[in-house]
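See below for the structure under consideration.
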Amino acid sequence: MELTKEQIQQIDNRLKKRGIKYWDLRIEMVDHIVSDMETNATTNDFKVELEKTLRKLNWNGSLRGINTEGWQNTNRKYRKEYHSAFIRFFTSFTNVFFYVLISILYYFISKQISYNIFKKLSLLLFVIPIIIYFFITIKQLLKKYGRSVNLDYGIFYFSFAFLMINLPFQFIKEFSLENRKIFYVIFIPIFYVATYAGYKTYKKAIERVEKMKVELTL
């Protein structure tokens with residue numbers, strides 16, 4: 001049994017109505033259903049074979065639980081990739097060399113200027129990646145990829161370093177001015193590595209989505 005594009009679209013629409021809101025999750029499920037139907041069909045009746053396959057896969061009822069499981073699995077995958085990208089940065093001698101060099105240079109600068117000026121410089125260094133993040137995500141939105149679980153988590157881990165900024169800043173108020181400088185010297189390089197790891201994770205998400213979009217047009 002070979003399914004038509006119209007029949008495949010009907011399967012996609014059914015999954016969407018039953019609770020699979022992310023199109024990239026639906027693609028994987030549709031592929032699984034189509035493969036099973038085309039391989040194991042015993043009749044040419046599309047509706048009969050579809051129901052038989054959905055019962056076999058236990059996808060014939062509400063699929064909200066499958067949708068939840070799908071985004072949870074995707075989150076675990078991107079969390080692992082984010083952590084790997086962060087750790088991988090420090091496995092490069094060149095990266096570690098420049099990381100240490102910049103940290104030392106920043107510490108030297110902190111000694112040469114007042115705390116207020118150093119604080120403004122540090123805040124500027126925090127803001128620059130955030131501006132780049134908004135520029136990249138707005139550019140992505142203009143491409144109208146649709147609701148994608150891969151992009152949702154790609155964006156989340158890209159912004160993860162920004163989301164965590166507030167936590168350490170809750171404690172800095174208790175430090176002396178000299179210790180606040182040391183905090184910035186330590187935190188800003190780590191912040192940039194975390195942002196870099198988030199961007200690498202986001203790029204992988206974009207690549208996956210682009211690949212799926214291309215396959216949809218074939």
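The values are calculated or read from the model by the stated rules, or taken from the named source; none is laboratory data. None of these values were measured; they are calculated from a predicted model. No Cβ is skipped: glycine too gets one built from the backbone with ideal geometry, and neighbour counts run over all protein chains shown. Heavy atoms of the whole protein, side chains included, go into the accessibility calculation; ligands, DNA and RNA do not. Shrake-Rupley method; radii C 1.70, N 1.55, O 1.52, S 1.80 Å.
For helix 177-217, report the angle its Cα long axis makes with the longest principal axis of the Cα atoms of the chain; keep it between 0 and 90° and round to the nearest 10°.
20
Rounded to the nearest 20 debye, what is the charge dipole size of segment 66-191 about its Cα centre when +1 sits on each Lys and Arg Cβ and -1 on each Asp and Glu Cβ? Write out the running numbers ahead of the final one.
On the way: 15 positive and 5 negative charges, 46 e Å.
Taking the Cα centre of segment 66-191 as origin, the dipole is about 220 debye.
Once the principal axes of the Cα atoms of the chain are found, what is the range along each, listed largest first in whole angstroms?
Result, largest extent first: 81, 34, 30 Å.
Can you give me the relative contact order of the chain as a percent, contacts being Cα pairs under 8 Å and 6 or more apart?
Working: 162 pairs, mean separation 59.6, N = 218.
Result for the chain is 27 percent.
What GluC sites (Glu not before Pro) does segment 139-218 have in DSSP loop regions with at most 12 other beta carbons within 10 Å?
Numbers: sites: 174, 178, 207, 210, 215; in loops: 174.
Here the GluC sites (Glu not before Pro) that fit, given the DSSP loop and packing criteria, are 174.
Of the chain, which part is the longest with no trypsin sites (Lys or Arg not before Pro) in a loop (DSSP not H, G, I, E, B) and with at most 14 other C-beta atoms within 10 angstrom? It would help to have the intermediate numbers written out before the result.
Working: sites that count: 143, 144, 147, 173.
Counting at most 14 other Cβ atoms within 10 Å as exposed, the longest clean stretch of the chain is 1-142.
Angle check, please: helix 5-17 long axis (alpha carbons) against the longest principal axis of the chain (alpha carbons), in degrees 0 to 90, nearest 10.
The answer is roughly 60 degrees.
Restricting attention to segment 1-110, which GluC sites (Glu not before Pro) occupy a DSSP loop and are surrounded by at most 11 other Cβ atoms within 10 Å?
Details: sites: 2, 6, 28, 38, 49, 51, 69, 81; in loops: 2.
Within segment 1-110, the qualifying GluC sites (Glu not before Pro) (loop, at most 11 other Cβ atoms within 10 Å) are 2.
So for the pair residue 109, residue 55, with labels modelled 7 Å out along Cα→Cβ, what separation do we get in nm?
Distance between label points: 6.9 nm.
Net charge near residue 106, counting Lys/Arg +1 and Asp/Glu -1 over other residues with Cβ under 15 Å of its Cβ?
Details: positive: 111, 119, 120, 180, 181; negative: 178.
Residues near residue 106 contribute +4 overall.
How far is helix 46-57 tilted off the main Cα axis of the chain, in degrees rounded to 10, range 0 to 90?
The two axes meet at around 50 degrees.
How high is the relative contact order of segment 1-76, in percent, counting Cα pairs under 8 Å that sit 6 or more residues apart?
Answer for segment 1-76 is 39 percent.
Bins of 10 Å, beginning at zero and ending with the bin holding the largest distance: percent of Cα pairs per bin for segment 1-122, please.
Values per bin, smallest distances first: 11, 27, 16, 12, 11, 12, 8, 3, 0.
Would you list, by chain and number, the lysines whose Cα falls below 17 Å from the Cα of residue 17, excluding same-chain residues fewer than 8 positions away?
47
As a test of the formula, what do you get for the chain when each DSSP H run with n ≥ 4 contributes -39,500 (n - 2.57) and the sum is divided by the residue count, at 222 nm and rounded to the nearest 500 deg cm²/dmol? Write down the numbers at each step before the final one.
Details: 10 runs with 179 residues, N = 218.
Helix contribution divided over all residues of the chain: -28000 deg cm²/dmol.
If you rank 62, 92, 122 by how much accessible surface each has, with a 1.4 Å probe, what is the order from largest down? Please list the in-between numbers first.
Details: 62 85, 92 40, 122 0 Å².
Final ranking, largest accessible area leading: 62, 92, 122.
So how strong a dipole does the chain carry about its Cα centre when Lys and Arg Cβ are +1 and Asp and Glu Cβ are -1, to the nearest 20 debye? Don't jump to the answer; show the numbers that get you there.
Working: 33 positive and 19 negative charges, 158 e Å.
Roughly 760 debye for the chain.
Counting only heavy atoms of the protein chains, get the accessible area per residue of the chain (1.4 Å probe) and round it to a whole Å² value. Intermediate results must be reported in sequence, preceding the final value.
Details: 13560 Å² over 218 residues.
I get 62 Å² per residue for this part.
Tell me, what % of the accessible area of the chain is carbon and sulfur with a 1.4 angstrom probe? Walk me through the intermediate numbers first.
Working: 8390 of 13560 Å².
Taking all protein chains in place, the chain shows 62 percent carbon and sulfur surface.
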